[in-house]
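Notes follow the structure.
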Amino acid sequence: MKNLFLLSGDSVSTNKMPEQCPRCSGKSFYKQKDFKRSIGLSVVFSASAVTCLLFFQRREWLVVWSPMLVALFIDRFFASRSKDAALCYDCALIFRELEPSEIDKLDPFDLEVFDRHQYSERQE
């Protein structure tokens with residue numbers, strides 16, 4: 001059965017990080033938790049909606065902010081249970097099952113690097 005919490009998209013299981021992406025020959029990779037962002041955003045959005053509702057009902061501050069605290073605990077729980085994955089900046093191919101030493105060599109997602117990869121192709 002497919003894990004519903006993992007990032008969706010094409011993936012490769014490997015122990016070692018390749019020098020270049022097998023799909024697009026890109027050489028830039030980043031690391032992130034292997035967890036669907038849409039689930040995390042749904043938790044935050046739901047907690048925010050409940051917080052707003054409680055705020056406009058003029059509840060006590062602890063009651064108002066308790067949904068956000070619960071969302072924080074849910075987020076930390078899933079973050080601790082999720083493994084890291086590497087992704088290609090060019091084609092978003094997911095590399096799973098990498099050794100921790102291989103993942104530690106990578107930097108987290110950088111929007112500037114992503115923009116350079118995405119928009120440099122269009123200008124040429």
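Couple of notes before you dig in:
- In the stretch 73-104, the residues that are loosely packed, with under 14 Cβ neighbours inside 10 Å and free of Cβ contacts under 8 Å to residues at least 60 places away in the same chain: Phe73, Arg76, Phe77, Ala79, Ser80, Arg81, Lys83, Pro100, Ser101, Asp104
- Flag if Arg116 is under 24 Å from Asn3 (Cβ atoms), assigned to a helix (DSSP H, G or I) and of a type in the set (Lys, Arg): no
- Matching option when the condition is outside any loop (DSSP other than H, G, I, E, B), among the aliphatic types (A, V, I, L, M) and in the same structural domain as Ile103 (by TED's automatic domain parsing), among Val50, Val43, Val12, Val64: Val12
Results for (1) touching a residue at least 12 places away in the same chain (Cβ under 8 Å); (2) exposed (fewer than 14 other Cβ atoms within 10 Å of the Cβ); (3) of a type in the set (S, T, N, Q), shown as yes or no for each residue.
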| site | (1), (2), (3) |
| --- | --- |
| Ser8 | yes, yes, yes |
| Ser13 | yes, yes, yes |
| Lys33 | yes, no, no |
| Leu41 | no, yes, no |
| Ala47 | yes, no, no |
| Val50 | yes, no, no |
| Val70 | yes, no, no |
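The values are calculated or read from the model by the stated rules, or taken from the named source; none is laboratory data. Everything numeric here is computed off the predicted structure, so don't read it as measured data. So basically every Cβ, Gly included, is an ideal-geometry build from the backbone, and we count neighbours across all protein chains shown.
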